[in-house]
């Protein structure tokens, strides 16, 4: 039983990290920089674009993280944990892709 609990905790690491990144991007008033934050050529072009890009990225990260958390919880309850890493990779691609798409539409 302890193996199932530890596997379950590992299962929740990806969504928890995505939620933390989203909360960080929403709550931290970052100044434009090249180290921390959602950095693209568009977001680095001005302070308002930087703030808007980080707000979008934070919101989307929280949404994708919550969706992934729910999906993984259902997987854990059903006893199927094999596609876990693949789900994390798909979630990360969805997060970056949807943020880029929304920022492109808002330009």
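Every number here is computed from the coordinates shown, using simple stated rules; none is lab data. This structure is a prediction, so every number in the text was calculated from the model and none was measured. A quick note on method: Cβ atoms are made from the backbone with ideal geometry, for glycine too, and the neighbour counts reach across all protein chains shown.
Would you order 99, 40 from fewest to most other beta-carbon atoms within 10 Å of each residue's own beta-carbon? Before the final figure, lay out the partial values.
Numbers: 99 23, 40 17.
Ascending number of Cβ neighbours within 10 Å: 40, 99.
Which order do the peptides 27-38, 55-66, 11-22 come out in when sorted by mean C-beta neighbours inside 10 angstrom, highest first?
Details: 27-38: 12.2, 55-66: 19.9, 11-22: 17.7.
In decreasing order of mean packing, 27-38, 55-66, 11-22 become 55-66, 11-22, 27-38.
So between residue 66 and residue 17, what do we pick up on full extension, going 0.36 nm a residue minus the alpha carbon distance?
Values: separation 49, 0.36 × 49 = 17.64 nm, distance 1.08 nm.
Taking 0.36 nm per residue and subtracting the Cα distance, the gain is 16.6 nm.
In region 64-79, which residues have a backbone nitrogen under 20 Å from the label point lying 7 Å from residue 98's Cα in the Cα-to-Cβ direction?
Residues 64-75 qualify, since their backbone N sits under 20 Å from the label point.
Taking neighbour counts of Cβ atoms within 10 Å as a proxy for exposure, in what order, fewest first, do 98, 41 appear?
Working: 98 16, 41 7.
Going from least to most buried by this count: 41, 98.
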